[in-house]
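Colleague: Please see the structure below; I have some questions.
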Amino acid sequence: MGMPRARRMHVVDRTIPGPECDLGIRVYRPFKLGDTPPAIVYYHGGGWVVGDLDTHDGSCRALAASSGCVVVSVDYRLAPENPYPAAPDDCMAAFCWVLDNAADLAIDPRAVAVAGDSAGGNLAAVVARRARDSGGSRLRRRGSSTPAPTSGCRPARSSCSQRASS
């Protein structure tokens, strides 16, 4: 079943270098965007152990269609085969790759956000924090949908469209 698939967009799968192996990404570009639209680097949920580009295809299409942004979905390495910190390292590498390849992707490198659902929301927060702590962050926004709790049993608050840096 799943989400309905938005169809009015160009979708392409690519492979990019990761910290230890190549990573798959899927780029969603809605038709009729400007020359250099903003972008969202999206990390799928799945408890760090399941999920991939295909399981979240409908969500990414809907996000691209509703946001007016290019969405770059990342297929990061999953546990337990790839223990921590494989997933956050892959996600940071993908974020940096998107920034470094903004011209090739035809996106505005000054308008790149990170987002994700569940475990992916947690990974988006980790990338935002790492980008901030590195000092040269070009991250503009961080969003998450039902981010995974990081401690205790209370769910984390949603941080949609919260400014991650100035």
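The values are calculated or read from the model by the stated rules, or taken from the named source; none is laboratory data. Because the structure is a prediction, the values reported are computed rather than measured. FYI the Cβ positions are ideal-geometry reconstructions off the backbone, even for glycines, and counts take in every protein chain you see.
Colleague: Output the residue which, of all residues in segment 13-37 that are modelled with pLDDT of 95 or more and of a type in the set (D, E, K, R), is farthest from Pro83 (Cα to Cα).
Modeller: Arg29
Colleague: Output the strands (runs of 3 or more DSSP E) that fall wholly within segment 24-127 and possess 1 or more residues being aromatic (Phe, Trp, Tyr) and touching a residue at least 12 places away in the same chain (Cβ under 8 Å), or say none. First the steps, then the outcome.
Modeller: Numbers: elements: 39-43, 70-75, 112-118.
Where strands (runs of 3 or more DSSP E) fall fully within segment 24-127 and carry at least 1 residues being aromatic (Phe, Trp, Tyr) and touching a residue at least 12 places away in the same chain (Cβ under 8 Å), they are 39-43.
Colleague: Also: Assess whether Ala148 counts as being at pLDDT below 90, surrounded by fewer than 22 Cβ atoms within 10 Å (Cβ to Cβ) and not basic (Lys, Arg). Step through it out loud before you land on a result.
Modeller: Values: at pLDDT below 90: yes; surrounded by fewer than 22 Cβ atoms within 10 Å (Cβ to Cβ): yes; not basic (Lys, Arg): yes.
In short, yes.
Colleague: Say we look at segment 38-66 and pick out the residues that are of a type in the set (Ser, Thr, Tyr) and surrounded by fewer than 18 Cβ atoms within 10 Å (Cβ to Cβ); which of these is modelled with the lowest pLDDT?
Modeller: Step by step, filter segment 38-66, then rank; the result is Ser66.
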